[in-house]
1. So for the pair residue 140, residue 192, with labels modelled 7 Å out along Cα→Cβ, what separation do we get in nm?
2. Using the count of nearby Cβ atoms within 10 Å as a rough guide to exposure, how do 137, 65 rank from fewest to most?
3. Show the residues, 5+ positions off or on another chain, whose built amide H is closer than 5 Å to the amide H of residue 212.
4. For a 24 Å ceiling on Cα separation, which of these pairs sit above it: 70/140; 93/155; 99/155; 219/248; 140/219?
5. Starting from the Cα-Cα distance between residue 200 and residue 133, subtract it from 0.36 nm times their residue separation and give me the gain in nm to one decimal.
6. When you count, for each residue, the other Cβ atoms within 10 Å and take the mean per peptide, how do 50-62, 93-105, 161-173 rank with the highest first?
7. Only loop residues by DSSP count here, and only those with at most 11 other Cβ atoms within 10 Å; note down the trypsin sites (Lys or Arg not before Pro) in segment 161-221 that meet that.
8. Want the number for residue 181 to residue 50: 0.36 nm per residue separation, take away the alpha-carbon distance, what's left?
Amino acid sequence: MIRHILTSGWSVFCLVTLLACLSLIHCGRGTHPTATAPHNVAWPLELPRRLSGTLGEIRGTSMHYGIDVKTNGRNGYRVKAIADGEIQSLISKPWGYGKGIYLRHDDEYMSVYGHLDAFENQSQNLNDLVALLHVLYLDKSVFFSPKHHPLPFKKGETIAYTGETGSGYPHLHLEFRKGKEYLNPLAMFPADDDKAPVITAIILCREKGNTTIEETMLKLTSKKQEKENRITTTSPVTLIPGEKYFFK
């Protein structure tokens with residue numbers, strides 16, 4: 001057990017990266033790309049547009065390809081299709097996006113919804129379908145793409161429920177793609193924020209194979225000393241030699 005103090009060069013770099021990411025959230029409209037996006041879309045949640053992550057953040061050795069929407073620390077909110085579409089793929093695994101939906105809108109556009117608690121089970125019985133696939137394949141990981149029987153949804157229809165599967169605390173991961181290009185969902189769903197960020201905690205992530213396998217929340221305290229301001233954490237942390245770690 002050690003007391004982890006954020007004063008080493010690597011730790012300071014991670015903290016500066018975190019501050020930069022939070023500043024992007026604060027910028028709101030200023031972070032939108034110039035790529036075009038369809039206008040006839042609907043916000044997928046019956047919740048305010050409060051974000052905990054944005055497109056382009058560095059997560060370990062990979063890039064964050066969408067936005068993370070806060071869900072008040074709770075699971076089970078309805079997730080709705082942002083536009084008419086058909087299921088491209090369903091995934092269900094213990095890591096990464098956890099339970100997720102890839103919804104194809106036409107030949108160009110696709111939306112992705114990750115870390116779901118459950119799939120809808122009324123219109124297309126997706127939850128029963130995935131549960132059956134787990135049993136048939138005797139595998140904790142399922143990746144399913146319907147080929148001969150389309151699974152369509154209309155804009156605003158419930159497709160799933162928010163959760164925390166795969167990685168992270170309760171939230172919805174939302175992506176929007178055009179072919180192989182990742183579009184910024186904020187271009188369609190502006191989420192202005194006029195409050196400066198206050199960092200009260202960071203999350204120490206342990207990574208294996210480019211996938212986060214463990215997360216530990218570290219509460220922060222700010223101490224003003226004679227010549228410097230120091231942010232420290234008194235949370236006990238056990239670091240495993242040889243493992244990769246990063247902050248978010």
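1. 4.6
2. In increasing order of surrounding Cβ atoms, one gets 137, 65.
3. 96
4. 70/140; 93/155; 140/219
5. The span from residue 200 to residue 133 would gain 20.0 nm if fully extended.
6. Per-residue mean Cβ counts within 10 Å order the peptides as 161-173, 93-105, 50-62.
7. Here the trypsin sites (Lys or Arg not before Pro) that fit, given the DSSP loop and packing criteria, are 180, 195.
8. Extra length available between residue 181 and residue 50 comes to 44.7 nm.
Read-outs: derived from the displayed coordinates by stated rules, not from any lab. Since this is a predicted model, take the numbers as computed values, not measurements. Positions of Cβ are generated from backbone atoms using ideal geometry, with glycine treated the same way; all protein chains shown enter the neighbour counts.
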